[in-house]
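The values are calculated or read from the model by the stated rules, or taken from the named source; none is laboratory data. Predicted model, so just to flag it, every value in this text is computed and none were measured. In this analysis, Cβ positions are derived from the backbone assuming ideal geometry, glycine residues included, and neighbour counts consider all displayed protein chains. In case anyone asks, the SASA skips ligands and DNA or RNA and just uses the protein heavy atoms, side chains included. Shrake-Rupley method; radii C 1.70, N 1.55, O 1.52, S 1.80 Å.
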Amino acid sequence: MKALILVGGYGTRLRPLTFSCPKPCVEFANKPILEHQLAALVKVGVTDVVLAIAYQPEAMHELQSKLSAKYNINIICSQETTPLGTAGPIAAARHILQPNPDEKTYFFVLNSDVICDYPFQEMIDFHKAHGKQGTLVVTPVDDPSKYGVVVSSEQHEILSFVEKPKKFISNKINAGLYLFTSTVLDRIENKPTSIEREIFPIMAKDRELCSLTLKGFWMDIGQPKDFLAGLELYLNFLSTKSPESLIKGSKYLGDVLIDESAIIEDGCLIGPNVCIGPGVKIESGTRIASSVILAGSTIGAHSWIRGSIIGWRCRIGRWVRIEGLTVLGENVQVKDEVCFNEIIVLPHKEVKESEMVKGKILL
Ligand code: GTP
């Protein structure tokens, strides 16, 4: 089995983190987002993975060699000179996905920012059983009127895609995980093309696309709010607890994931739904809830971090209060006693004053 992962988006909604590296390299639960998918693909026997890259190739190449050695698989980068959208990259990698044009192959195509309990084996079994060209995983949502929904027959054949339906027609949306038979390649050209808007509707008309409903949790973690919501779902799913070695003078609540190399001083209260990366130092008496602290950052004593993301190698002073979906880019320095509520801070910035105008971006 082979797979192609679409890693070529600009990731604008996850800025300022994606100013420092492409979205698939950002760590989710202490592993690059891409690694979650790779690890699950390897489990079902995938041996060759194509990374469809459109920009920031250096960072992707570094991750490619690291993960290829770690999982002992062949990872090939397919570099686009102009972004080819979500379908064009599949045609561009045709020679890898189907090396012998006379031989039928099967391959996965994945969006790079989806977190779930990947149902890859179920997809293989379902795809082989229905025998059509494509399988598209769908996931139920609470408010379908905000999304493009997928309408399927009782036999799971996709009949249509309806954008933001006013009346209830389906509550299933595209989960960004596909499995194709190589005959699908005859439908796609090597030019900028959207799989969702230009390929899937025609496949549905030809009754060549079936839907598989995801049973567990799902989240597109491509923006800060969903990144944190996805972390909560993921940690709940794993039922993570802090390493015993850390439980000394601090308290932990609910699900927390803390890298073994992090230092948590005495008198802190951490959790629920917190992820602390490698090399992070949390000084004494600090409270952290529903937040991510990325690698190498220091949080000063008696600070309060809630519902926020602290980027790599930040230095947060003492008695600092950060909340309300604040996101700090890489290497931000925050002085003692500063307060942030719903603030975005771009990388390499030094902040000396509090900023309480919600939604403000500090350049
Ligand atoms: P935003 O800029 O925040 O919308 O993020 P994004 O650029 O990742 O866009 P979106 O989440 O809609 O993209 C869905 C998937 O397709 C992601 O995995 C992207 O990396 C990928 N993608 C989007 N455009 C391209 C492209 O032109 N080429 C490649 N190779 N992948 C793409």
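Take segment 175-191 and flag every residue that is over 23 Å from the mean Cα position of the chain (by Cα) and not polar (S, T, N, Q).
V184, L185, D186, R187, I188, E189, K191
State which residue pairs qualify: first residue in a strand (DSSP E or B) and inside segment 149-163, second residue at pLDDT 95 or above and hydroxyl-bearing (S, T, Y) in any location, beta carbons under 7 Å apart, and separation of 6 or more residues or different chains.
The qualifying pairs are V150/S211; S152/S211; I158/S211.
What are the pairs with Cβ atoms under 8 angstrom where one residue, in segment 209-233, is touching a residue at least 60 places away in the same chain (Cβ under 8 Å) and in a helix (DSSP H, G or I) and the other, located anywhere, is of a type in the set (A, V, I, L, M) and open to solvent by 20 Å² or more (accessible area, probe 1.4 Å)? Sequence gap at least six, or different chains.
As it stands, the answer is P224/L325; K225/L325; L228/L325; G230/M219; L233/M219, since those pairs meet every condition given.
Filter the strands (runs of 3 or more DSSP E) completely within segment 254-363 down to those with at least 1 residues that are of a type in the set (D, E).
Passing ranges, in order: 321-323.
V50 versus (1) in contact with a Ser or Thr (Cβ under 6 Å, 6 or more places away or on another chain); (2) more than 10 Å from the ligand (Cβ to nearest atom): which is the lone unmet condition?
(2)
Take S245 and decide whether it is modelled with pLDDT under 95, more than 20 Å from the chain's Cα centre (by Cα), not in a loop (DSSP other than H, G, I, E, B) and not basic (K, R).
Numbers: modelled with pLDDT under 95: yes; more than 20 Å from the chain's Cα centre (by Cα): yes; not in a loop (DSSP other than H, G, I, E, B): yes; not basic (K, R): yes.
Considered against the rule, which asks whether it is modelled with pLDDT under 95, more than 20 Å from the chain's Cα centre (by Cα), not in a loop (DSSP other than H, G, I, E, B) and not basic (K, R), S245 comes out as yes.
Filtering segment 266-319 down to residues that are polar (S, T, N, Q) and more than 22 Å from the chain's Cα centre (by Cα), which residue is surrounded by the fewest Cβ atoms within 10 Å (Cβ to Cβ)?
S284
Among the numbered criteria (1) touching a residue at least 12 places away in the same chain (Cβ under 8 Å); (2) out of contact with any strand residue (DSSP E or B) (no Cβ under 9 Å at 6 or more places or on another chain); (3) closer than 30 Å to V256 by Cβ; (4) β-branched (V, I, T), which one does V7 miss?
All conditions are met except number (2).
Taking the condition of being within 16 Å of the ligand (Cβ to nearest atom) and open to solvent by 60 Å² or more (accessible area, probe 1.4 Å), how many residues in segment 165-193 meet it?
Matching residues across segment 165-193 total 4.
Using the structure shown, decide if P24 is surrounded by 20 or more Cβ atoms within 10 Å (Cβ to Cβ) and touching a residue at least 12 places away in the same chain (Cβ under 8 Å).
yes
I'm told T18 meets every condition in (1) within 12 Å of the ligand (Cβ to nearest atom); (2) touching a residue at least 60 places away in the same chain (Cβ under 8 Å) except one. Can you identify the failing condition by its number?
The single condition T18 does not satisfy is (2).
If I go through segment 95-152 residue by residue, how many of them are among the hydroxyl-bearing types (S, T, Y) and either open to solvent by less than 30 Å² (accessible area, probe 1.4 Å) or closer than 21 Å to L4 by Cβ (or both)?
6
Taking the residues in segment 1-18 that are open to solvent by 40 Å² or more (accessible area, probe 1.4 Å) and in a helix (DSSP H, G or I) as candidates, determine which candidate is nearest to Q79 (Cα to Cα).
Going through the qualifying residues, I end up with T12.
Within segment 28-64, how many residues turn out to be in contact (Cβ under 8 Å) with a residue 60 or more places away in the chain and not polar (S, T, N, Q)?
Start the filter on segment 28-64 by keeping residues that are in contact (Cβ under 8 Å) with a residue 60 or more places away in the chain, which leaves 28-30, 33-34, 36-37, 40-41, 43-44, 46.
With not polar (S, T, N, Q) added as a condition, the list becomes 28-29, 33-34, 36, 40-41, 43-44, 46.
Selection size over segment 28-64: 10.
Do we have any residue at all in segment 31-41 that's modelled with pLDDT under 90, more than 13 Å from the ligand (Cβ to nearest atom), open to solvent by 30 Å² or more (accessible area, probe 1.4 Å) and charged (D, E, K, R)?
No; the residues of segment 31-41 include none that is modelled with pLDDT under 90, more than 13 Å from the ligand (Cβ to nearest atom), open to solvent by 30 Å² or more (accessible area, probe 1.4 Å) and charged (D, E, K, R).
Given the options G134, G88, name the one that is within 16 Å of the ligand (Cβ to nearest atom), under 30 Å from K164 (Cβ atoms) and either free of Cβ contacts under 8 Å to residues at least 12 places away in the same chain or of a type outside the set (D, E, K, R) (or both).
G88 is the lone residue from the list that is within 16 Å of the ligand (Cβ to nearest atom), under 30 Å from K164 (Cβ atoms) and either free of Cβ contacts under 8 Å to residues at least 12 places away in the same chain or of a type outside the set (D, E, K, R) (or both).
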